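Asks: Below you'll find the structure I mean.
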Amino acid sequence: MNRDSCQIHAVFMPTPQTEQEAQQILHLVTRSPNGLSVGELMDHEFLKLPRRTLQRRLELLLGERKIQPRGGGRSRRYHVISPSPFIPENHSPSILAEPRVEYRTKPVEKALLSDVGDDWLSPEAKEIRALIDRPIFERDYVGYDATFLAAYQPNVTFYLPQETRSKLARVGRSGEDNLAAGTYLRHVLDRLIIDLAWNSSRLEGNTYSLLETERLLNLGEGITGKKTNETQMIVNHKAAIELLSEQADEIGFNRYSVFSLHALLSENLLIDNESCGRLRLRGVGISGSVYSPTGVPQTIEECFDGILIKAEAIKDPFEAAFFVMVHLPYLQPFEDVNKRTSRLAANIPLLKHNFCPLSFVEVEAEHYLKGLLGVYELNRIEYLRDVFVRAYVRSAERYPSIRDSLGEPDPFRLRFRGVIRDIVQGIVLNDVPREEELAWLKAKLPVELSPAEMVEMREVVDRELLGLHEGNIARFRLRPSEFQKWTGKETRRMRDF
């Protein structure tokens, strides 16, 4: 800053509010290639200032040599002097072009280091936190920078160092690498649904407790006094996690998979239900941040497809998981529910390689959200990376013990899991009489079974029907009312195996 601008600061002593208003004006001027007039600034929905106040803020920016006027009288327009720190709204580069820069840790003054921190946070993460913790008027307004994505080359650029990736592979290995995709996930599915649904919802401010979440998902019991959107959020997580399990062989980083996850997670939570599973066509804001996601549909679509292409090309499952946790929220491709979608999508490469799932146990919302702000406002990933690594280690410590306590799974049940579920559900919903069950089963089987397999299927279905109770009917997608209606007619008669 030059001597004159220092003198202006000494005379006027701008207040925090003054600085924030000036930064908002600078942000708007920077985003306009043709500059802005006083009238256009007055009419802008983002800025609500009286004319006299607006003129004083413009004088402050002029004194700091951040903007310059062009033209005179009513034709005067204000233009930014310094280069824009972000891409203008009408810029839509090809994200598939060769990247211009490699990812690197950006230097930050050591004076910004916070004295308060956690031992597991790296110095870089603490630097980012110090920057994010500054008052919002001290942080520069920024927009979506497509070069951040363009700079990433799959299997050349790495957000996770080799040592970290190797560590995560060691702690997350399930010993089932050669089995079908999703095998390990299905082994721990019942526990994972509760853990991931609760933790992911908690990171969004949901007030359900773990026990309340378990009762909701297992018994269908909502909690009196809770907001309906909190209940819906948790139920939606269950549906999305089941999709990951049921379609493990087909799911991947493609439009169908990510759109499906978003549609399930956002069901009945958006103002416009047609926005579920669809890229947004209008702008969105990030509360508590100086970051403004792009509102250009063409840019959103092109960068969204670029994220999927690059994520699918990444060979290391942990790098791919973290990559989507960075870039999906940064782009904000949907009107809402972007972070939730990224957290579940991060499990796609893990389940396909039969690694322990990521359920975000013991992740503090403050760390997660500030890690994201570091990505939004600084394009720095170190804070979120530390959160991701810690979260995965905690998850990997949790599920092997659950898996071991379950014993070895029945290969027949594993192979025909979906068929068994549908048969049991159908018998209950259609109130099929005992003497007609075998014929009904044969008619409804979607696959050909050998005589021995048919006998085993009959036995498995019988055991499942006999063992049905309110605590496990969710496995068969049955509602409490449907189960109660069936048990009333069933009269608990004995079944012959």
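Asks: Which pairs, out of 227/485; 48/238; 238/310, put more than 31 Å between their alpha-carbon atoms?
Replies: Values: 227/485 29 Å; 48/238 43 Å; 238/310 28 Å.
Checking Cα-Cα distances, 48/238 exceed 31 Å.
Asks: Over the Cα atoms of segment 248-316, compute the convex hull volume and normalise it per residue, giving Å³.
Replies: Values: hull volume 9.0 nm³, N = 69.
Output value, Cα hull per residue: 131 Å³.
Asks: Take residue 59 and residue 134, extend 7 Å from each Cα along the Cα→Cβ direction, and tell me the distance between the two endpoints in nm.
Replies: Inter-label distance under the simple model: 2.6 nm.
Asks: Plugging the Kirkwood radius over Cα pairs into Stokes-Einstein for segment 284-396, at a temperature of 20 °C and a viscosity of 1.002 mPa s, what D comes out in µm²/s?
Replies: Details: Rh = 14.4 Å.
Approximately 148 µm²/s, per Stokes-Einstein.
Asks: Further question: Nearest 0.05, what FRET efficiency do residue 301 and residue 434 give at R0 = 51 Å with Cβ-Cβ as r?
Replies: Using R0 = 51 Å, I get an efficiency of 0.40.
Asks: Related question: If the cut-off is 23 Å between C-alpha atoms, which lysines fall inside it for residue 126, apart from same-chain ones fewer than 8 positions away?
Replies: The qualifying lysines are 106, 110, 167, 339, 370.
Asks: For the ranges 432-442, 124-134, 198-208, what's the packing order if you count other beta-carbon atoms within 10 Å of each residue, average per peptide, and put the highest first?
Replies: Put in order of decreasing packing, that is 124-134, 198-208, 432-442.
Asks: More than 16 angstrom separation, counting every C-alpha pair in segment 411-490; what % is that? Write down the numbers at each step before the final one.
Replies: On the way: 1457 of 3160 pairs.
Every Cα pair in segment 411-490 considered, those over 16 Å come to 46 percent.
Asks: For segment 123-405, state the semi-axes of the equivalent ellipsoid (square roots of 5 times the eigenvalues of the alpha-carbon gyration tensor), sorted largest first and rounded to whole angstrom. The partial results should precede the final answer.
Replies: Working: eigenvalues 143, 106, 74 Å².
Three semi-axes, in Å: 27, 23, 19.
Asks: At a Förster distance of 60 Å, what's the computed FRET efficiency of residue 190 paired with residue 49, Cβ-Cβ distance as r, to 0.05?
Replies: Values: r = 56 Å, r/R0 = 0.93.
With a Förster radius of 60 Å, E is 0.60.
Read the figures in this text as sums done on the coordinates, not as results from a lab. This structure is a prediction, so every number in the text was calculated from the model and none was measured. Here the Cβ is made from the backbone with ideal geometry for all residues, glycine too, and neighbour counts use every protein chain on show.
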